[in-house]
Amino acid sequence: MKLNTDMQVNRIADEIWEIPASEKAGMLVPARIYATKQILASMDSGVFEQVTNVACLPGIRRYALCMPDGHWGYGFPIGGVAAFDPHDGVISPGGVGYDINCGMRLIRTDLTLTDVQPRLEQLMTELFRRVPAGVGSKGFVRLDRLKFEEVMCKGARWCVEQGYGWHEDLSRIEEQGCIPGADPSKVSDRAVERGISQLGTLGSGNHYLEVQVASNDRIFDPQTAAAFGITGQDQIVVMVHCGSRGFGHQVASDYLKVFEKAMRRYGLVVKDQQLACAPFRSPEGQDYFAGMNCAANSAFANRQVITHQVREAFGAVFGRPAESLGMDVVYDVAHNIAKVERYEEGELVVHRKGATRAFGPGRQELPDRYREIGQPVICGGSMETGSYLLVGTDQAMRETFGSTMHGSGRTMSRAQAKKSVRGEQLKQQMAQRGIIVKAVSMSGLAEEAGFAYKNISDVVETVDRAGITKKVAELRPIGNIKG
Amino acid sequence: MTHQFTFLEDVALADAAFEAIGDSPSELFLAATRAVIETMVNPDTVSASWRREMEHQAPDLASLLFDWLSDIVYLKDVHGVVFHEATAVVTEDRPHGGWKARGTLTGELIDAQRHELRADVKAVTKHLYDVRHDDDRWVARVVLDI
């Protein structure tokens, strides 16, 4: 098998490949990649370089991991997972990414395709009007500095207190939508200035709001699906993909600079500038963790305000309050974050960059309703091909620090995608296939064409066969809003 | 005096990478600034009704360009603007060592109806970041997180 690396890559199981620690000077642990043969062969050289660079970071435990949607990122590969001992290990903004707590939220409804199809154009217009998207978009929530600090500390809980959501939403969000330890004094004025008017906005790039259908023939585990509120019968659901917007981007940028200096102070040498890191227990490490948690909470709040707007839009179009449409949150989960979590080694600082928490049954962090089943895992595909709902497993707890894939993974650059199709042309093609698209940017739309991504079904099959998450349902798009 | 930029197709799959070239540091800054502006919007659709003076100092040219471009991303979010054009004059900061840049950025409050908007840049990154002086031209490779 021809790979885009000269490194030795050993097969551990059908979907697990290992690069021994002897393959690169400085590796402290082996690197493991979850992939089929075909996916491994398609991975770019950057994945192999970057996952082995991560394996060199101080305090790393067990393995540096990469999920099957992995591709070249900054510092860590996208799809990267690594856990560090909090006593002698590091925390790295490069292991989280610029869009802190970029994540996915899934909202169910009692509506069916038959209910929605006749009003789909109206619904998408209403959603597009209520959920700002695109370059520099601003939300309807007006905040002053003190109120924004409350958002940083309380996350989605702040939104529910203000009436932007239902109390029961909170238990269906990772960390109940509020990670402790956020400290607004650890974020810069520039970060606040960038984020203060952006609550409830999608952004652009691969972020989206999508109306989807859950059909009976695409439900793989009816019992788990039912426990998640997914009943099939052409049920309508809504998926949201976005993060902490300019606020989180600035927190990440600020601390990359801080860490470049801190590394010299602590004598840390890394293989890539974007792997800038600091000891987790150092003042710089703790400051970043506190600032990152502010951004993570603001991202939970962002998706909560968007949920409020989605419910308002559905209520307006169908002439009934969202409560009577059964618009419960299924789950909300981050895929760009660093968190302290407990494993057999004790507490570890788990970095997930383009990787999703996938806790198996029994974890106390899960809400009562999901504790015996496992955590819902939401993976977004391209806007043309559909997305997946999966469930976390015990095997993920043992093998991947309770982590799995997050999406399809790009295989084509944005520039190449734009050369291959025009946005207007793609919009028309999708309309012919029954998908209504509302986009702020036509060039941005072209960049997100389905052919620019791996086939998400291949990626999902990999994690399903590897056992680190199991398929529950595939969700087919019928309406998409993009920045 | 000339400057130009090219978007790079095979670098940073999920994001936007460009190479900027100028026959002086000032021209290099103009080329890189234009690349950042054009990543966000078609500048021909934007007027110059908003204006901002920019001034930066840094110990080296690479740090100066990084801070300069990062400031454009910051101004986009804080003022809710996209940009039409920029001027830049880059000189060695002889009394203090290092480099300084001065210029003007013009643009307009974002109007999705009139502006041909493109990508919302999250950050200027250090991924593959490179600024060099080749013979008689200055070259920068920059990856923007999208």
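Within the stretch A:179-208, the set of residues being within 14 Å of chain B (Cβ to nearest Cβ), surrounded by fewer than 19 Cβ atoms within 10 Å (Cβ to Cβ) and either among the basic types (Lys, Arg) or in contact with a Cys (Cβ under 8 Å, 6 or more places away or on another chain) (or both) is empty.
Is it fair to say residue B:131 is within 30 Å of residue A:76 (Cβ to Cβ) and either acidic (Asp, Glu) or within 14 Å of chain A (Cβ to nearest Cβ) (or both)? Against the criterion (within 30 Å of residue A:76 (Cβ to Cβ) and either acidic (Asp, Glu) or within 14 Å of chain A (Cβ to nearest Cβ) (or both)), residue B:131 qualifies. Screening the stretch A:1-106 for strands (runs of 3 or more DSSP E) wholly inside it with 3 or more residues that are touching a residue at least 40 places away in the same chain (Cβ under 8 Å) and surrounded by 21 or more Cβ atoms within 10 Å (Cβ to Cβ) returns the ranges A:64-71, A:78-84. When we screen A:354, A:326, A:315, A:291 for residues that are in contact (Cβ under 8 Å) with a residue 12 or more places away in the chain and surrounded by fewer than 21 Cβ atoms within 10 Å (Cβ to Cβ), the only hit is A:326.
Residue A:141 meets all of the listed conditions (1) of a type outside the set (Lys, Arg); (2) surrounded by 18 or more Cβ atoms within 10 Å (Cβ to Cβ); (3) assigned to a helix (DSSP H, G or I) but one, namely (3).
With a requirement of 3 or more residues that are touching a helix residue (DSSP H, G or I) at 6+ places or on another chain (Cβ under 7 Å), more than 14 Å from every other protein chain (Cβ to nearest Cβ) and free of Cβ contacts under 8 Å to residues at least 60 places away in the same chain, none of the helices (runs of 4 or more DSSP H) lying completely within the stretch A:364-483 satisfies it. Restricting A:392, A:386, A:381 to residues that are modelled with pLDDT under 95, under 16 Å from the mean Cα position of the chain (by Cα) and within 27 Å of residue A:13 (Cβ to Cβ) narrows the list to A:381. The one condition from (1) within 14 Å of chain B (Cβ to nearest Cβ); (2) under 15 Å from residue A:31 (Cα atoms) that residue A:97 does not meet is (2). Look at (1) closer than 29 Å to residue A:149 by Cβ; (2) out of contact with any Leu (no Cβ under 9 Å at 6 or more places or on another chain) and you find that residue A:202 fails only one, number (2).
Scanning the stretch B:56-75 finds one or more residues that are modelled with pLDDT of 95 or more, within 11 Å of chain A (Cβ to nearest Cβ), under 17 Å from residue B:42 (Cα atoms) and buried (at least 22 other Cβ atoms within 10 Å of the Cβ).
I'd like the full set of residues that are over 23 Å from the mean Cα position of the chain (by Cα) and farther than 19 Å from residue A:348 by Cβ, limited to the stretch A:24-44. Within the stretch A:24-44, A:24, A:25, A:26, A:37, A:38, A:41 meet the criteria.
Here residue B:141 fulfils each of the conditions (1) facing another protein chain (nearest Cβ under 9 Å); (2) touching a strand residue (DSSP E or B) at 6+ places or on another chain (Cβ under 8 Å) apart from (1). Candidates in the stretch B:80-120 are the residues that are of a type in the set (A, V, I, L, M) and at the interface with chain A (Cβ under 8 Å from one of its Cβ atoms); of these, the one that is nearest to residue A:128 (Cα to Cα) is B:112. Residues in the stretch B:7-43 that are within 14 Å of chain A (Cβ to nearest Cβ) and in a helix (DSSP H, G or I) were compared, and the one that is surrounded by the fewest Cβ atoms within 10 Å (Cβ to Cβ) is B:38. The condition of being under 21 Å from the mean Cα position of the chain (by Cα) and in contact (Cβ under 8 Å) with a residue 40 or more places away in the chain does not hold for residue A:233.
The values are calculated or read from the model by the stated rules, or taken from the named source; none is laboratory data. All figures in this text were calculated on a predicted structure; none of them were measured in a lab. Quick reminder, even Gly has a Cβ in these numbers, built from the backbone with ideal geometry, and neighbours come from all protein chains shown.
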